[in-house]
Amino acid sequence: MKHSELEQIQSQLIEMKEQLLSKTFEFRRTHLEHHESGQDEVEISHQDVSTNLAIELQERDRLTLIRIERALEKIKLGQFGLCEACGGPIQPARLKIQPLARLCVDCMHDYEAAPSPLQ
Ligand SMILES: [Zn+2]
C-alpha cells in the first residue's frame, strides 16, 4: 500500500473517531441529563425504550471506536493492512472501502463459512 494511501486512510480514521466522540458527547448530553428531569410515567417508559436503543447504538459506537484505535495503532507500527488470520496483505481496494477490515477477502470467506471469534 502506498504511503499516500495510508495517510488518506489515517485521516479518514481520525475523522471517523472524531465523529464518534462528538456523537458520544451528544448522547450523554441528551439522554443522561434529560433523564433526570421529572416526567409522567408514560413519557418515562417511552423514553426508556429510546434510551435503551440509544445505549445499544452507543455500545456499537464504542466497539467501532476501539477498532479505529487499533487500526491507528497498526498504522503507527507499520502493520496496517495485514490480515489478522493469515498475515497476508489485505487488498488496498478493500481497505479504502472498509478501513477497519481485519481479514483479507479469502480469510473473510473462510470465516463466513465457519464462524469464529475473529469475526
Ligand atoms: Zn487472510
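The values are calculated or read from the model by the stated rules, or taken from the named source; none is laboratory data. Note that the structure is a prediction, hence the values are computed from the model and not measured. FYI the Cβ positions are ideal-geometry reconstructions off the backbone, even for glycines, and counts take in every protein chain you see.
May I ask you to list the residues in segment 88-100 that are surrounded by fewer than 19 Cβ atoms within 10 Å (Cβ to Cβ) and closer than 21 Å to Thr64 by Cβ?
First, pick out the residues of segment 88-100 that are surrounded by fewer than 19 Cβ atoms within 10 Å (Cβ to Cβ): 88-89, 91-94, 96-98, 100.
Result: Arg94, Lys96, Ile97, Gln98, Leu100.
Cβ contacts < 6 Å: first residue touching a residue at least 60 places away in the same chain (Cβ under 8 Å), restricted to segment 82-93; second residue surrounded by 13 or more Cβ atoms within 10 Å (Cβ to Cβ) and in a loop (DSSP other than H, G, I, E, B), any location; separation 6+ or different chain. Result?
Pro89/Gly81; Pro92/Met1
Here are some conditions: (1) more than 10 Å from the ligand (Cβ to nearest atom); (2) not in a loop (DSSP other than H, G, I, E, B). Asp110 meets all but one. Which one does it not meet?
(1)
Quick check on my filter: what residues within segment 33-57 are aliphatic (A, V, I, L, M), modelled with pLDDT under 80 and surrounded by 11 or more Cβ atoms within 10 Å (Cβ to Cβ)?
Within segment 33-57, the subset aliphatic (A, V, I, L, M) is 42, 44, 49, 53-55, 57.
Checking which are modelled with pLDDT under 80 leaves us with 42, 44, 49.
The answer is Ile44, and nothing else.
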